[in-house]
Structures are given as structure tokens and as C-alpha cells.
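Reviewing the structure listed below.
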Amino acid sequence: MRNPLYTAVGEAIRRKREARALSQAALAKRVNLSRTSITNIESGTQALPLHNFLAIAEALSAEPAELLPNAREETRRPVKSSNSPWFEELLGKLGGDPGRDSQ
């Protein structure tokens, strides 16, 4: 099963790549990945490490935020409330658990 976050990011990368008239092979060469990796990233079937995500954004002359889904989109999984006490305290300091609805 595909993770909706990786699928959304992959689709954004594909749209930006196509808008720049780049082939998957050309993008792969720019970021030192295989064309197959680009295919899998764009389809959401391959996890995208942060350093590769940033390299792809740079290769596409895009701000990284342009390739991320809107926080309100249905790409986030809810966080279960089995958080440890220290994590709950940290979430409180940061403004709450982003996986839960605001009250």
C-alpha cells in the first residue's frame, strides 16, 4: 500500500519535472539517482530521503515547499495516543499533536 504523503510528493515532483520539460533520465542524472528511482519516487512507491528531496527540488529550480502537500490535505496519518509522557510534554510545548484535530 502506498503512503499518501509519498504519493502526493511524487506527483508534485512529476508535475514540476514535466513543466521543466525534463525526462526522468535527465532528472536522475542531475541528482545522481537511477531513472528507476525517479519513476518509483514519482509513483510514491519509494521513500524519499530528505537529502534526495532537497537535491530534486534544487534540480527542478523549485522551493522545497512547492513539492510538499498542503497540511490540510488528506496525506497525514493520525497519530495514535500511545505517546510517551515526555513526547506528550514536547507536543504541548510545540503547540499540540499535529495528527489530532484542534479543539
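Observations, loosely collected:
- The stretch 13-41 residues that are within 15 Å of residue 53 (Cα to Cα), paired with ones that are surrounded by 15 or more Cβ atoms within 10 Å (Cβ to Cβ) and of a type in the set (Phe, Trp, Tyr) (beta carbon under 8 Å, 6 or more apart): 41/6
- Answer residue from the stretch 39-84, given it is modelled with pLDDT under 85 and acidic (Asp, Glu) and is nearest to residue 2 (Cα to Cα) among those: 74
Per-residue answers, yes or no, for (1) surrounded by fewer than 13 Cβ atoms within 10 Å (Cβ to Cβ); (2) part of a loop (DSSP other than H, G, I, E, B); (3) in contact with a Leu (Cβ under 7 Å, 6 or more places away or on another chain):
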| position | (1), (2), (3) |
| --- | --- |
| 13 | no, no, yes |
| 18 | yes, no, no |
| 26 | no, no, no |
| 30 | no, no, no |
| 36 | yes, no, no |
| 45 | no, yes, no |
| 51 | yes, no, no |
| 55 | no, no, no |
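- Filter result for residue 2 (modelled with pLDDT under 90, within 16 Å of the chain's Cα centre (by Cα) and open to solvent by 80 Å² or more (accessible area, probe 1.4 Å)): yes
The values are calculated or read from the model by the stated rules, or taken from the named source; none is laboratory data. All of these numbers come straight from a predicted model, not from anything done at the bench. Quick reminder, even Gly has a Cβ in these numbers, built from the backbone with ideal geometry, and neighbours come from all protein chains shown. Just the protein is used for accessible areas: all its heavy atoms, side chains included, with ligands, DNA and RNA removed. Shrake-Rupley method; radii C 1.70, N 1.55, O 1.52, S 1.80 Å.
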